[in-house]
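Here the structure is laid out as structure tokens; the discussion comes afterwards.
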Ligand code: ADP
Ligand code: MG
């Protein structure tokens, strides 16, 4: 049975960057305003995320890595929305099946922190320790027990894995300008530091080292009037495009970093090879991420309407300032 768990977990956590994305979302959900990431060997040897969020109470530690253990379901007024997130309560469970996981956490009300270690979904040790309020998760020896997957990764370079980590961290830094992100290899100088930037535009400019030609997309909203139809079209869209010719395309749908080939293609038609950050908000029930659990690709119920709205905005920009 453990082998089955391990394989399933490997589907959720395919590479260090997947684990990082899940842990960043947890830190943001926990209300963190500062998130520090450090990695060794591209995150395979060690990946650490330290946040100053709400922390985890002692009573929640034993069940933390249990499958479907989540403190977030009560937030979902509509049960159908659970489905749209695919794997609620599966991220930490999955990580604990394919790596050594250590959690140090303290809530503001606690006098001290606790350190807990996990293996295969279960808490193994738990003891008091010193620590600031917040949570530090350390993932070590990722895929130590899944030889084939690890071997596959060792073929790809660790520099490549680290590059993906940095990309994910940078994307979240752009989308959450009020949160300060730091990312670096263990013991080396930081490759990302957004502690001092406070807007998406400023963060993008700093990251892409570009001062000009970055223009704002929207923001714009469109919604159908028919209040009785719960599937009526409703969409808010905004972002930036321009700057460096490196084709960095980042898309957030309802605050999650995702892929959508048609949306990316639409941007490419108007602004080929440019940097583009796009955020789209639609009712949660209009998003389907369950195309396949391992895929970041999302489907939108009203994709053609979203594309039309996006094209209209991009067209306006192209008329105003051709790049
Ligand atoms: P989910 O995010 O879907 O609830 P996860 O497996 O990602 O599932 O996390 C399980 C639970 O662990 C969360 O619901 C949350 O209560 C707790 N948790 C995880 N990371 C943090 C963190 N950085 N700070 C506070 N709580 C956390
Ligand atoms: Mg999570």
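Observations on the structure shown:
- Counting beta carbons within 10 Å around each of 176, 277, 144 and listing the fewest first gives the order 144, 176, 277.
- Shape summary of the chain, radius of gyration then Dmax from alpha carbon positions: 20.4, 62 Å.
- For the chain, a Gaussian network of Cα nodes joined below 10 Å ranks 99, 173, 244 by mean-square fluctuation, and the top entry is 244.
- Fully extending the segment from residue 261 to residue 319 would add 18.4 nm, taking 0.36 nm per residue of separation and subtracting the current Cα-Cα distance.
- The translational diffusion coefficient of region 208-320, from Stokes-Einstein at 37 °C and 0.692 mPa s with a Kirkwood hydrodynamic radius over alpha carbon pairs, comes to 224 µm²/s.
- Fully extending the segment from residue 190 to residue 213 would add 5.6 nm, taking 0.36 nm per residue of separation and subtracting the current Cα-Cα distance.
- Spacing of the modelled spin labels on residue 234 and residue 129, each 7 Å from Cα toward Cβ, amounts to 4.5 nm.
- When only alpha carbons are used to place a centre, region 97-118 and region 44-65 end up 5 Å from one another.
- For region 120-210, the alpha-carbon coordinates run over 43, 40, 24 Å along the three principal axes, in decreasing order.
- By the count of neighbouring beta-carbon atoms within 10 Å, fewest first, 259, 41 end up ordered 259, 41.
- Relative packing of peptides 130-143, 180-193 - highest average C-beta neighbours within 10 Å first: 130-143, 180-193
- Cα→Cβ-extended label distance, 7 Å offset, between residue 8 and residue 225, nm: 4.9 nm
Each reported figure results from applying straightforward, stated rules to the coordinates on display, with no laboratory input. Predicted model only: the values in this text are computed from it and were never measured. Please note: Cβ atoms are built from the backbone with ideal geometry, for glycine as well, and neighbour counts cover all protein chains shown.
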